[in-house]
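Chemist: Here it is: the structure, laid out below.
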Amino acid sequence: MLNGEKPANTDPIRLENIPGKDWKYSGGGYTVMQQALLDVAKEPFPKLLHDTVLVPIGMTHSTYEQPLPAALQPMAATPYSADGAAVPGGAHTYPEMAAAGLWTTPSDLARYMLENQQSLQGKANHVLSRELTQQMVTLGKGNWGLGLQISGSPSNPYFSHGGVNEGFESLFVEYEHNGEGAAIMTNAQGGMRLASEITSSIAVAYDWPDFRPVVRTAIKVDRSVLARYVGTYEISPTFSVTFSLDGDQLMTQATNQPKFPVFPETETKFFLTVVDAEVEFFSDDKEQVSYLVLHQNGHETKGMKK
């Protein structure tokens, strides 16, 4: 995988920029980090993470073993595609364990979240010191810390992460100061929409300052304007968002997900109804649409038009 050699199905992992100059979501970067840990520890990655992270936190129903051991398979959920069919062959095997190889449960994810919250208070530092945990959740480039998305207000920040593998989509969010949070896991492609809806319901029920449903009003936009946005926008090397026209309706479809309508709030900003998300289009000095910005869960993600 590091060299992009068969049977890998991805390009070689190579340095694209001067470290620290820009931000980009990088599963490849975590694969490099995985190899660095293997080089130093001289032991299998699942054992290293079991001994140094999972067990100390109390994540006793979690493992990085790939493929999942036979003894644990009866407890594993079956992954499903967006059309409701089971993923052929079951769950994929991911050698990029640091980026995609964690088998876990919502309860174990909650234990990870509690460890972060308590570590920041100096009450539980089973894995990281208070100082290192603070570095992990300090806002950096692209609204990310070290592996966690950072958002919320300066006085009440939260950190979160979504996860998508073939047939599985999950989301967790935790507030830094008040001990609140949620972990939602689904076993179907498109499950992030359900996770987002549940998060919104939790936000209303528990009076969270973020994630509440937003009421928007659609306007009428000429079809010629909508046609300018048709095309594919690359969020990451493995994830793109495509826009197309169905009559006078602008549609969007993300990688491995169904197609959904988007509705204009202005001539350049659109919203979805299946999830709480907005898409804003930007043009270059020649008035050609060049990129979009996805606004979702308090985060902004840029996608360049291909």
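The values are calculated or read from the model by the stated rules, or taken from the named source; none is laboratory data. No experiment lies behind these values; they were computed from the predicted model shown. Neighbour counts are summed over all protein chains in view; Cβ atoms, including those assigned to glycine, are modelled from backbone coordinates with ideal geometry. These area figures cover heavy atoms from the full protein model, side chains too; ligands, DNA and RNA do not enter into them. Shrake-Rupley method; radii C 1.70, N 1.55, O 1.52, S 1.80 Å.
Chemist: Answer with one residue from 244, 227, 32: the one whose Cα lies farthest towards the positive end of the charge dipole of the chain, charges on Cβ with Lys, Arg +1 and Asp, Glu -1.
Modeler: 32
Chemist: By its C-alpha gyration tensor, with a ≥ b ≥ c as the square roots of the eigenvalues, how is region 43-123 shaped: rounded for a/c under 1.5, else prolate for a/b larger than b/c, else oblate?
Modeler: prolate
Chemist: Taking the Cα atoms only, what angle lies between the long axis of helix 106-120 and the longest principal axis of the chain, rounded to 10 degrees?
Modeler: With both axes taken from Cα atoms, the answer is about 80 degrees.
Chemist: Tell me the accessible surface of residue 132 in square angstrom (1.4 angstrom probe, heavy atoms of protein chains only), to the nearest ten.
Modeler: Spelled out: residue 132, probe radius 1.4 Å, area about 90 Å².
Chemist: Turning to a different aspect of this structure: Check residue 277: other-chain or 5+ apart residues with amide H under 5 Å from its amide H, H built from backbone geometry?
Modeler: 272
Chemist: Ordering 246, 210, 51 by accessible area with a probe of 1.4 Å, largest first, what comes out?
Modeler: Largest accessible area first, the list is 246, 51, 210.
Chemist: Would you kindly find the accessible area of residue 282, with a 1.4 Å probe and non-protein molecules such as ligands, DNA and RNA excluded, rounding to the nearest 10 Å²?
Modeler: Counting only protein heavy atoms, residue 282 exposes about 60 Å² to solvent.
Chemist: Let me ask another. Work through the residues other than residue 32 whose Cβ is under 15 Å from its Cβ and net out their charges, Lys, Arg +1 and Asp, Glu -1. Display every interim value, and only then the final one.
Modeler: On the way: positive: 14, 24; negative: 11, 16, 39, 96.
Result for the local shell: -2.
Chemist: On a 1.4 Å probe surface of the protein chains, which of 302, 6 comes out largest in accessible area, and what is the full order?
Modeler: Largest accessible area first, the list is 6, 302.
Chemist: Next question. Mean-square fluctuation check for the chain, GNM, Cα pairs under 10 Å: which of 182, 254, 71 is largest?
Modeler: It is 71.
Chemist: Please give the helix 191-205 orientation as an angle from the longest Cα principal axis of the chain, in degrees from 0 to 90, rounded to the nearest 10.
Modeler: Once rounded, the angle reads 90 degrees.
Chemist: Starting at the first residue of region 269-279, write each ³J(HN,Hα) from the Karplus equation 6.51 cos²θ - 1.76 cosθ + 1.60 with θ = phi - 60°, in whole Hz, x for Gly and Pro.
Modeler: Each residue's phi maps through the Karplus curve to give 10, 10, 10, 9, 9, 6, 9, 7, 8, 10, 10 Hz.
Chemist: Among 149, 249, 288, whose mean-square fluctuation peaks in a Gaussian network model of the chain (Cα, cutoff 10 Å)?
Modeler: Judging by the Gaussian network model, the answer is 288.
Chemist: Could I ask something else about it? Let me check something: with ligands and nucleic acids excluded, how do 233, 206, 30 order by accessible area (1.4 Å probe), largest to smallest? List each step's numbers first, then the result.
Modeler: Numbers: 233 0, 206 145, 30 90 Å².
Accessible-area ranking of 233, 206, 30, largest first: 206, 30, 233.
Chemist: Per residue, what accessible area does region 115-246 have, given a 1.4 Å probe and all protein chains present, in Å²?
Modeler: Per residue, region 115-246 has 50 Å² of solvent-accessible surface.
Chemist: Right, another one. Nearest 20 debye, what's the magnitude of the dipole of the chain about its Cα centre given +1 on Lys and Arg Cβ and -1 on Asp and Glu Cβ?
Modeler: 200 debye
Chemist: Separate question: Rounded, prolate or oblate: which fits region 198-301, taking a ≥ b ≥ c as square roots of the Cα gyration tensor eigenvalues, rounded meaning a/c under 1.5, else prolate when a/b beats b/c?
Modeler: Judged from the Cα gyration tensor, region 198-301 comes out prolate (a/c at least 1.5, a/b above b/c).
Chemist: Another question, if that's okay. What percentage of the solvent-accessible surface of the chain, computed with a 1.4 Å probe over protein heavy atoms, is contributed by carbon and sulfur atoms?
Modeler: 55 percent
Chemist: In a GNM of the chain with a 10 Å cut-off on Cα contacts, which of 192, 59, 33 has the highest mean-square fluctuation?
Modeler: With Cα springs under 10 Å in the chain, the top fluctuation among 192, 59, 33 is at 33.
Chemist: For Cα pairs less than 8 Å apart in space and 6+ apart in sequence, what is the mean separation divided by the residue count of the chain, i.e. the relative contact order in percent? Mind dumping the intermediate values first?
Modeler: Numbers: 502 pairs, mean separation 32.8, N = 306.
For the chain, the relative contact order is 11 percent.
Chemist: Turning to a different aspect of this structure: Going by amide H atoms built from the backbone, whose H comes under 5 Å of the H on residue 80, apart from near neighbours?
Modeler: For residue 80, whose amide H was placed from the backbone, the distant partners under 5 Å are 87, 188, 189.
Chemist: I need the phi-derived Karplus couplings for region 166-177: 6.51 cos²θ - 1.76 cosθ + 1.60, θ = phi - 60°, integer Hz, Gly and Pro marked x.
Modeler: 4, x, 9, 9, 9, 8, 10, 9, 9, 7, 6, 9
Chemist: For residue 43, what accessible area in Å² do you get when you roll a 1.4 Å probe over the heavy atoms of the protein chains, rounding to the nearest 10?
Modeler: About 60 Å², ignoring ligands and nucleic acids.
Chemist: How big is the gap, in Å, between the Cα center of region 10-63 and the Cα center of region 166-198?
Modeler: 22 Å
Chemist: A follow-up question, please. Helix 27-41 versus the longest principal axis of the chain: what is the Cα-based angle in degrees, 0 to 90, to the nearest 10?
Modeler: Tilt relative to the chain: about 10 degrees.
Chemist: Specify which labelled value, from (1) 19.5; (2) 21.2; (3) 20.3, agrees with Kirkwood radius over Cα pairs in Å derived from the coordinates of the model shown.
Modeler: So the calculated entry is the one marked (2).
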